[in-house]
Amino acid sequence: MRKHEFTDYSMVASSSVVPAISILAPAYNESASIVENVRSLFSIYYNNLELIVINDGSKDDSLQKLIDAYHLVKVPYFVNERIATKPVRGVYKSTNAAYKKLTVVDKYNGGKADALNVGLNIATKKYVTCIDVDCVLEQDALLRMVKPFMSSPDKHVIAAGGVIRVANSCEVRGGKITKVHVPKNMLARIQTVEYIRSFLLGRMAWSKLNGLLIISGAFGMFDKEIAIDAGGYDTKTVGEDMELIVRMRLYMEDAKRPYAVRYISDPLCWTEVPTSYRVLWRQRDRWMRGTVETLWTHKKMFFNRKYGVLGLFSYPYWVFFEFLAPIVELLGWVFLIVYAVLGMVIWKFYFLLLIFIVSFGYLFSASSILIETFTFRQYKEKRDVLKLLLAVLYEPVIFHLYVVAAAIRGILKILLKSETGWGEMTRGGFAKKNESVKSDENQKLQTETEETANHVKEENHEK
């Protein structure tokens, strides 16, 4: 944080020589929030930017809502298909000059990875930022994300990721997070603690070792040419975000080119998390399947000295602590039941050990919340911090056991080859969570947009 204090991001924002960026936002059945989320992309501070929204054959009215909100018309467009994808049905541009940076692509359904590959084919800029369309970015997110690509002369930075935070119950106006709240839903609140613990501490540590194996699909930036040369996103896995990073790293390792994958510790992106156990189950099931598929595909790295930190530390860590951990925990419960039935458990020692383990987990989570409070202070009210600390008590009782069960289910699906898709992911949408945003504010925003468009038209006419 002290190092970032010396960076003048306003200079980066206004510079004409900063790297050009294409934002890729795949969308599938996002009708509830797609207009608001695309509006948030227009609020990003960056000079050389294009926005590409890929409608992956949505069954709802997502495309029509975009057409109506942003005055889109179908235009002739050549797609350089460097990566094979499902056919593109049409490319749309806006007749309103205020939205000239926006391109909407309509394609046949092929999954998120296929949609992102279409975005890679269409993108015209040097770097691509891949986000989930249900996310809301901080206005200076791209300024902070592009910094590692500009300030690493000795190594080729091929990818960078940032902190993802939970947007449930937050106030969103005009595509911006205006006020941060702790989620009202307990399930979302526990995931808030989980995200803080994972993003603020875990990934930062791996970045220091240059051993980061995953950048969240919710928000990441990549060198477009390296991503395409590595083959683009794998459409046969549900963990396309992790798999691409691993393959890009292998591509650079095999080419013996010095490179780095960076991580930005600043909160840059806000996303909705599941508020029902049914949706959470599908999500964690899918995460585990993606992890297993990636680890199996690139198993040659396991304790392979040729790949340095990647082969000796990062990959083994994911095998032992992400893939095998749920299995070990399940076996622990089985052995506990068997030993209890046989009368082999020393209950006094068992409960002492249990208290120690639970207390250690609570200390780790509480420390993560404390670090967040002393650094970025997204949750400024004391009662919000207290709510998070109390949520930690609930986590090992039900949440953790449920997540382990979902992970086991994902492993079984891989072994039985019973499912390969994403499954439906229901979202509430930001608009529904912000009923306090009145219609007159929406009218004001529309008026401002029309005034901007008229101003642009006048300037073009004068030129």
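The values are calculated or read from the model by the stated rules, or taken from the named source; none is laboratory data. Computed from a predicted model, the values in this text were never measured in an experiment. Counting neighbours? That spans all protein chains shown, and the Cβs are built from the backbone with ideal geometry, glycine included. Ligands, DNA and RNA are excluded from the accessible area calculation, which covers all protein heavy atoms including side chains. Shrake-Rupley method; radii C 1.70, N 1.55, O 1.52, S 1.80 Å.
Please name all residue pairs, on different chains or six or more residues apart, with Cβ atoms under 6 Å, provided the first residue is in region 128-149 and is within 17 Å of I177 (Cα to Cα) and the second residue is open to solvent by 30 Å² or more (accessible area, probe 1.4 Å) and modelled with pLDDT of 85 or more.
Going by the 6 Å Cβ cut-off, the qualifying pairs are V136/I177.
Suppose we filter region 2-24 for residues that are out of contact with any helix residue (DSSP H, G or I) (no Cβ under 7 Å at 6 or more places or on another chain) and closer than 21 Å to I122 by Cβ; how many remain?
2
Looking at S368, S359, which one is polar (S, T, N, Q) and either open to solvent by 80 Å² or more (accessible area, probe 1.4 Å) or touching a residue at least 60 places away in the same chain (Cβ under 8 Å) (or both)?
S368
Can you tell me which of R189, R247, R203 is closer than 25 Å to E395 by Cα, touching a Gly at 6+ places or on another chain (Cβ under 8 Å) and open to solvent by 20 Å² or more (accessible area, probe 1.4 Å)?
Criteria check complete, one pass: R203.
Out of all the residues in region 244-257, is one or more in contact (Cβ under 8 Å) with a residue 40 or more places away in the chain, aromatic (F, W, Y) and in contact with a helix residue (DSSP H, G or I) (Cβ under 7 Å, 6 or more places away or on another chain)?
No, because not a single residue in region 244-257 is in contact (Cβ under 8 Å) with a residue 40 or more places away in the chain, aromatic (F, W, Y) and in contact with a helix residue (DSSP H, G or I) (Cβ under 7 Å, 6 or more places away or on another chain).
Return yes or no: is S216 open to solvent by 10 Å² or more (accessible area, probe 1.4 Å), of a type in the set (S, T, Y) and within 18 Å of A141 (Cβ to Cβ)?
Taking the combined requirement at face value, the residue satisfies it.
Looking only at strands (runs of 3 or more DSSP E) that fall completely inside region 1-92, which ones have 2 or more residues that are touching a residue at least 60 places away in the same chain (Cβ under 8 Å)?
Passing ranges, in order: 21-27, 49-56.
Which count do you get for residues in region 320-350 that are of a type outside the set (V, I, T), loosely packed, with under 11 Cβ neighbours inside 10 Å, more than 37 Å from the chain's Cα centre (by Cα) and in a helix (DSSP H, G or I)?
Matching residues across region 320-350 total 3.
Conditions tested, residue by residue: (1) at pLDDT 95 or above; (2) farther than 29 Å from E138 by Cα.
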site	(1), (2)
S265	no, no
L268	no, no
V273	no, no
L295	yes, yes
F303	yes, yes
K306	no, yes
W318	yes, yes
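Looking only at region 299-319, count every residue that is open to solvent by less than 90 Å² (accessible area, probe 1.4 Å) and in a helix (DSSP H, G or I) and tell me the total.
The number of residues fulfilling the criteria is 13.
Which of the residues spanning region 28-71 are open to solvent by 10 Å² or more (accessible area, probe 1.4 Å) and closer than 26 Å to A13 by Cα?
Selection gives V35, E36, R39, F42, S43, I44, Y45, Y46, N47, N48, L49, E50.
Return the residues of region 378-399 that are surrounded by 15 or more Cβ atoms within 10 Å (Cβ to Cβ) and over 16 Å from L363 (Cα atoms); say none if nothing qualifies.
Those that are surrounded by 15 or more Cβ atoms within 10 Å (Cβ to Cβ) and over 16 Å from L363 (Cα atoms): Q378, Y379, D384, F399.
Take region 132-157 and flag every residue that is in contact with a Leu (Cβ under 7 Å, 6 or more places away or on another chain), crowded, with 21+ Cβ neighbours inside 10 Å and over 15 Å from D223 (Cα atoms).
Answer for region 132-157, where residues must be in contact with a Leu (Cβ under 7 Å, 6 or more places away or on another chain), crowded, with 21+ Cβ neighbours inside 10 Å and over 15 Å from D223 (Cα atoms): L137, E138, A141.
With the checklist (1) farther than 22 Å from Y277 by Cβ; (2) basic (K, R); (3) touching a Ser or Thr at 6+ places or on another chain (Cβ under 6 Å) in hand, flag the one item R249 doesn't pass.
(3)
Against the definition (assigned to a helix (DSSP H, G or I) and either open to solvent by less than 50 Å² (accessible area, probe 1.4 Å) or aromatic (F, W, Y) (or both)), how does L268 come out, yes or no?
Criteria not met by L268.
Do you know which of the residues in region 219-244 that are aromatic (F, W, Y) and over 20 Å from G202 (Cβ atoms) is surrounded by the most Cβ atoms within 10 Å (Cβ to Cβ)?
Filtering first and then ranking leaves Y233.
Would you tally the residues in region 1-27 being out of contact with any Lys or Arg (no Cβ under 9 Å at 6 or more places or on another chain), more than 21 Å from N48 (Cα to Cα) and open to solvent by 30 Å² or more (accessible area, probe 1.4 Å)?
Selection size over region 1-27: 5.
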